[in-house]
Amino acid sequence: MDFGMKSVYFYMDVPLALFAVSQGDTDEKLVNLRRWQGSFMNAAEKEVVDGFVGEQLVGNPLLPWLMEMTTYVGLRLGCFPDAAREVRLPLGVDFSATWEKIQEHPLFSSHIRLKRLTGDMASNDDRSNSSRGSTSR
């Protein structure tokens with residue numbers, strides 16, 4: 001990612017979103033984000049990095065693609081002959097439980113933010129009060 005953050009024509013919005021929601025030490029992520037703030041970036045990448053460092057919500061560039069793929073999978077599952085009667089996925093997993101887990105993932109919300117260890121309770125309260133707010137794991 002260091003090379004991408006120094007190249008003005010390298011689009012880093014998707015890798016930055018994945019970086020923010022990935023598992024890992026938040027302090028280490030903040031060190032990298034602050035280091036990247038000082039490097040030469042496109043205006044869009046700088047805005048995203050500044051947003052993550054400043055504990056702001058940042059637009060999720062992956063949501064349209066994820067929704068398109070999820071819709072495709074849903075349509076394909078609906079093509080099974082017993083789809084109208086079945087409430088379980090082909091592998092024996094309950095469909096509603098799977099859908100709930102998908103909806104809880106940070107990448108399925110319109111905006112994401114870098115979760116802070118000191119703000120975990122505040123982030124959870126924000127999520128329960130907003131319709132689609134999100135924090136990273």
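Scanning the stretch 32-57 for residues that are hydrophobic (A, V, I, L, M, F, W, C) and within 10 Å of Asp13 (Cα to Cα), we see that the one that is surrounded by the fewest Cβ atoms within 10 Å (Cβ to Cβ) is Ala44.
For Asp2, indicate whether it is farther than 17 Å from Ile112 by Cα and modelled with pLDDT of 90 or more. It is false that Asp2 is farther than 17 Å from Ile112 by Cα and modelled with pLDDT of 90 or more.
Report yes if Gly51 is on the phi < 0 side of the Ramachandran plot and small (Gly, Ala, Ser), otherwise no. So Gly51 fits the description; yes. One residue stands out among those in the stretch 38-85 that are hydroxyl-bearing (Ser, Thr, Tyr) and in contact (Cβ under 8 Å) with a residue 24 or more places away in the chain: the one that is nearest to Lys115 (Cα to Cα), which is Ser39. Just give me the residues in the stretch 58-72 being aliphatic (A, V, I, L, M) and surrounded by 12 or more Cβ atoms within 10 Å (Cβ to Cβ), in sequence order. Val58, Leu62, Leu63, Leu66 - these are the residues of the stretch 58-72 that are aliphatic (A, V, I, L, M) and surrounded by 12 or more Cβ atoms within 10 Å (Cβ to Cβ).
Of the residues making up the stretch 53-76, just one is of a type in the set (Gly, Ala, Ser) and part of a helix (DSSP H, G or I), namely Gly74.
The values are calculated or read from the model by the stated rules, or taken from the named source; none is laboratory data. Because the structure is predicted, anything quoted here is derived from the model rather than measured. Virtual Cβ from ideal backbone geometry, glycine too; neighbours counted across all protein chains shown.
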